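Asks: Following this message is one structure expressed as structure tokens.
The values are calculated or read from the model by the stated rules, or taken from the named source; none is laboratory data. Fair warning: this is a prediction, and the values are worked out from it, not measured in the lab. Cβ atoms come from the backbone with ideal geometry, glycine included; neighbour counts cover every protein chain shown.
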Amino acid sequence: MKLFKNLCIAALAALIAVPAFAENPLISGAFSADPSAHVFNGKIYVFPSHDIPAPPGSRNKRGFNMPDYHVYSSENLFDWTDHGVIVDQEKVPWVDGKSYSMWAPDCNFKNGKYYFYFPAHQKDGRNAIGVAIADNPEGPYVPQEKPIPGVNGIDPCIFIDDDGTPYLTWQAQGNVLVVARLKDNMVELDSEIVTVNHNVPRNGLKEGPFMFKRNGKYYYSFPWCERQTECICYCMGDSPMGPFEYKGKIMEQNTDCWTNHHSVVEYKGQWYFFYHHNDYCREHDVNRSICAEYLTFNEDGTIQQITPTQRGVGITPATNKIQIDRYSAIGDSNHVWVEYNRTENPFAGWKTVFRNKDNYRRPIWIEYDRVDFGEKDLSTAIVHVFARVGGSGTIEFHADAVDGELIAKIPIVAKDEWQDASAAVLKQLKGVHNLFVTMPDGVLMHVDWVQFK
């Protein structure tokens, strides 16, 4: 409980909009979930829901508390800008302003406007889906006076076909996924509501649908709780209203977080899969954080299953503080592992612990891939490290393999406090390489980040 109490304080303090810099999770100053990713004006915009710890007066003391929506943007999938709150539960006329029920949203562009779709509790307690409209993806968004007539449920996804026809899909009452065509005004239905024939092998909770199109095929994907936690499944079809053929799973069940929610987007020729996990709050699965992975298709259009990673997506400049705890691969877990920098505030991030015990003779290592060393020479390698007195040793950087070319060798003199230790770069690299950080000698070292200058 002490951890959760302190985490609540940290999370509530993080509600102020600030830039975010992260691998996975993508956002490092606040909880975020249910990411809806789209490309607008040459950038990726993500519209997530916003988890907060239960505030005073909440009816959901141990459940989800979601008061508003932010929007984030990036041009490189590494540096993310928080544009602040775009819709607030207390400023939507039809929403119960104390319900904390602003569940998974979506957004799309049509007729020169951005249409943001969101579910919430009406003042009579029923779920409905509303629309807020803006001239720019960052907002400001103006919520409509009333929700969409005839649309009761949660988790809307707005899909616009190549011919400009808009479709809305959502989870309706009774755990049913449905789809309907919208009128050109984007706020009224223009067809009957059709139940989606997803054909999953067994019954189970289904929610959070997301639809996209690739090479003339329509992909209908959704979280499905077949046992204790949700996996992400998908179907394919020739029409946005079906019929669809079930194809399998995109992502297996989470290990610690019972929900998952996703979106798929193509950006600069690469497909990406956005989802959420509870990395910043392991004691709970109601305070979540959004992540991203690369998405790969087979020749027949089916999707290769994704394994979640810490590293995520994007290329990291070598001149940044490289958070090696967001690793691509890691050595023997008895000798190298990751833990929070500060257990009372997980938003402070993680550190990598290197420990040599029992005369372990193999390399102790961690890998962080896709580091851009640029085209200019870099003179200095730096490691932010903590080594107790008696724990002096060495940290080495290698290129592309554990025993790859030695980039730098940094002697660590134990000071019993955090320090920036540095050494000259021994090998100049150009372009993108995988970075291996090793401890060839020493007893116990904690590494927060590494950097080149």
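This table checks each residue for (1) of a type outside the set (S, T, N, Q); (2) more than 15 Å from the chain's Cα centre (by Cα).
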| position | (1), (2) |
| --- | --- |
| VAL200 | yes, yes |
| LYS206 | yes, yes |
| CYS231 | yes, yes |
| LYS249 | yes, yes |
| ASN254 | no, no |
| TYR267 | yes, yes |
| TYR275 | yes, no |
| ARG282 | yes, yes |
| THR296 | no, yes |
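Asks: Here are some conditions: (1) over 23 Å from HIS261 (Cβ atoms); (2) surrounded by fewer than 14 Cβ atoms within 10 Å (Cβ to Cβ). VAL187 meets all but one. Which one does it not meet?
Replies: Only one criterion is unmet by VAL187, namely (2).
Asks: Right, LEU444: closer than 15 Å to THR380 by Cβ, in contact (Cβ under 8 Å) with a residue 12 or more places away in the chain and among the aliphatic types (A, V, I, L, M) or not?
Replies: Details: closer than 15 Å to THR380 by Cβ: no; in contact (Cβ under 8 Å) with a residue 12 or more places away in the chain: yes; among the aliphatic types (A, V, I, L, M): yes.
Judged against the criteria, LEU444 is not a match.
Asks: Against the conditions (1) over 21 Å from GLN270 (Cα atoms); (2) modelled with pLDDT of 95 or more, where does PHE47 fall short? Just the number, please.
Replies: Going through the list (1) over 21 Å from GLN270 (Cα atoms); (2) modelled with pLDDT of 95 or more, PHE47 breaks only (1).
Asks: What strands (runs of 3 or more DSSP E) completely inside region 334-378 contain at least 2 residues that are among the basic types (Lys, Arg), exposed (fewer than 15 other Cβ atoms within 10 Å of the Cβ) and in contact (Cβ under 8 Å) with a residue 40 or more places away in the chain?
Replies: Numbers: elements: 336-340, 350-355, 365-372.
In region 334-378, there are no strands (runs of 3 or more DSSP E) which contain 2 or more residues that are among the basic types (Lys, Arg), exposed (fewer than 15 other Cβ atoms within 10 Å of the Cβ) and in contact (Cβ under 8 Å) with a residue 40 or more places away in the chain.
Asks: Does THR169 qualify as being surrounded by fewer than 17 Cβ atoms within 10 Å (Cβ to Cβ), in the same structural domain as LYS98 (by TED's automatic domain parsing) and not basic (Lys, Arg)?
Replies: Details: surrounded by fewer than 17 Cβ atoms within 10 Å (Cβ to Cβ): no; in the same structural domain as LYS98 (by TED's automatic domain parsing): yes; not basic (Lys, Arg): yes.
Here the answer is no, as THR169 does not meet what is asked.
Asks: Quick check on region 296-308. Is at least one of its residues among the hydroxyl-bearing types (Ser, Thr, Tyr), surrounded by fewer than 16 Cβ atoms within 10 Å (Cβ to Cβ) and outside any loop (DSSP other than H, G, I, E, B)?
Replies: Within region 296-308 (the criterion being among the hydroxyl-bearing types (Ser, Thr, Tyr), surrounded by fewer than 16 Cβ atoms within 10 Å (Cβ to Cβ) and outside any loop (DSSP other than H, G, I, E, B)), the answer is no, since none of the residues qualifies.
Asks: SER239 fails exactly one of the following numbered conditions: (1) in contact with a Lys or Arg (Cβ under 9 Å, 6 or more places away or on another chain); (2) in a loop (DSSP other than H, G, I, E, B); (3) surrounded by fewer than 21 Cβ atoms within 10 Å (Cβ to Cβ). What is the number of that condition?
Replies: (1)
Asks: Which is more than 15 Å from SER36 (Cα to Cα) and either among the acidic types (Asp, Glu) or in the same structural domain as ALA37 (by TED's automatic domain parsing) (or both), of PRO119, PRO149, PRO105?
Replies: From the options PRO119, PRO149, PRO105, the qualifying one is PRO149.
Asks: Follow-up question, since we're still on this one. For region 154-176, give me each residue that is within 18 Å of TRP103 (Cβ to Cβ), assigned to a strand (DSSP E or B) and over 24 Å from the mean Cα position of the chain (by Cα).
Replies: ALA172, VAL176 - these are the residues of region 154-176 that are within 18 Å of TRP103 (Cβ to Cβ), assigned to a strand (DSSP E or B) and over 24 Å from the mean Cα position of the chain (by Cα).
Asks: All but one of (1) within 15 Å of ASP155 (Cα to Cα); (2) surrounded by fewer than 23 Cβ atoms within 10 Å (Cβ to Cβ) hold for HIS276; which doesn't?
Replies: (2)
Asks: Could I ask something else about it? In this structure, does ALA401 turn out to be more than 16 Å from THR352 (Cα to Cα), in a loop (DSSP other than H, G, I, E, B) and either out of contact with any Gly (no Cβ under 9 Å at 6 or more places or on another chain) or not hydroxyl-bearing (Ser, Thr, Tyr) (or both)?
Replies: It is true that ALA401 is more than 16 Å from THR352 (Cα to Cα), in a loop (DSSP other than H, G, I, E, B) and either out of contact with any Gly (no Cβ under 9 Å at 6 or more places or on another chain) or not hydroxyl-bearing (Ser, Thr, Tyr) (or both).
Asks: Does at least one position in region 103-120 carry a residue that is over 22 Å from MET186 (Cβ atoms) and touching a strand residue (DSSP E or B) at 6+ places or on another chain (Cβ under 6 Å)?
Replies: no
Asks: Also: Any chance region 98-110 includes a residue that's surrounded by 16 or more Cβ atoms within 10 Å (Cβ to Cβ), touching a helix residue (DSSP H, G or I) at 6+ places or on another chain (Cβ under 7 Å) and among the polar types (S, T, N, Q)?
Replies: Checked against the condition, which is being surrounded by 16 or more Cβ atoms within 10 Å (Cβ to Cβ), touching a helix residue (DSSP H, G or I) at 6+ places or on another chain (Cβ under 7 Å) and among the polar types (S, T, N, Q), region 98-110 yields at least one hit.
Asks: Take the residues in region 345-390 that are basic (Lys, Arg) and modelled with pLDDT of 95 or more; name whichever of them is nearest to TYR294 (Cα to Cα).
Replies: ARG370
Asks: Sticking with this one: Residues of region 251-286 being among the aliphatic types (A, V, I, L, M) and either closer than 13 Å to ASP34 by Cα or not assigned by TED's automatic domain parsing to the domain that holds CYS107 (or both), which ones?
Replies: Correct list: VAL264, VAL286.
Asks: With respect to GLY84, is the statement that it is surrounded by fewer than 23 Cβ atoms within 10 Å (Cβ to Cβ) and at pLDDT 95 or above true?
Replies: Working: surrounded by fewer than 23 Cβ atoms within 10 Å (Cβ to Cβ): yes; at pLDDT 95 or above: yes.
Taking the combined requirement at face value, the residue satisfies it.
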